[in-house]
1. Looking only at the chain, where both bridge partners belong to it, what percent of the DSSP beta bridges are antiparallel (to the nearest 5)?
2. Which net charge results for the neighbourhood of ALA100, defined as the other residues with beta-carbon distances under 9 angstrom from its beta-carbon, given Lys and Arg at +1 and Asp and Glu at -1?
3. When we measure straight from the Cα of LYS110, which lysines land under 16 angstrom away, once same-chain ones fewer than 8 places off are left out?
4. For THR20, what is the net charge nearby, where nearby means another residue's Cβ is under 14 Å from its Cβ and Lys, Arg count +1, Asp, Glu -1?
5. Quick one: if you take sqrt(5λ) for each eigenvalue of the C-alpha gyration tensor of the chain, what semi-axes come out, biggest first, whole angstrom?
6. Could you pull out every one of the aspartates and glutamates with an alpha carbon less than 13 Å from that of LYS103, ignoring same-chain neighbours closer than 8 positions?
7. Helix-only mean residue ellipticity at 222 nm, the chain, DSSP H runs n ≥ 4 weighted -39,500 (n - 2.57), per residue, nearest 500. What is it?
8. About the Cα centre of segment 27-103, what is the dipole size in debye to 20, counting +1 per Lys and Arg Cβ and -1 per Asp and Glu Cβ, all else neutral?
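FYI, it's all coordinate maths here, none of it is from the lab. Remember, predicted model here, so these are calculated numbers, not experimental data. Note: ideal-geometry Cβ built from the backbone for every residue, glycine included; neighbour counts use all protein chains shown.
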Amino acid sequence: MTELDEKEPFERIDVEQAKTLIGQGFQVIDVREPFEWEQGRIPKATHIPLNTLLARAPELLTGDKIIFVCAEGARSAVACEVAAAVGRSDLYNLEGGTNAWTKAGNSLEK
């Protein structure tokens, strides 16, 4: 198997797909820094900064069906990998993060 054959343990999704999954009860975990979280977040998201997640993933990630989000999608992709490594499944990365969410006309809660 070559590197190109390896599949990521998560799916990359856009804002519309994220909204559908949220409507189906998927949890949203925002891995941005506290100052970013304070500026606004996707409604009903849970805040677990990436560094905290890296240190305590087994205790913090107790369920499956998770959408990870950050500002652009890079840190949340790392969070997806971490979640997969501790045995979580049904993992999704919101491509473009909160920036894509707002560009699509969705509001953030504060």
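1. Numbers: 1 of 13 bridges.
Given both bridge residues lie in the chain, the antiparallel proportion sits at roughly 10 percent.
2. Details: positive: LYS103; negative: ASP14, GLU72, GLU95.
Summing Lys and Arg as +1 and Asp and Glu as -1 gives -2.
3. LYS110 reaches LYS44.
4. -2
5. On the way: eigenvalues 89, 53, 34 Å².
They are 21, 16, 13 Å, listed largest first.
6. Counting by Cα, and skipping residues close in sequence, LYS103 has these aspartates and glutamates nearby: ASP14, GLU16, GLU72, GLU95.
7. Values: 5 runs with 45 residues, N = 110.
One gets -11500 deg cm²/dmol as the mean residue ellipticity at 222 nm.
8. Working: 8 positive and 10 negative charges, 25 e Å.
Taking the Cα centre of segment 27-103 as origin, the dipole is about 120 debye.
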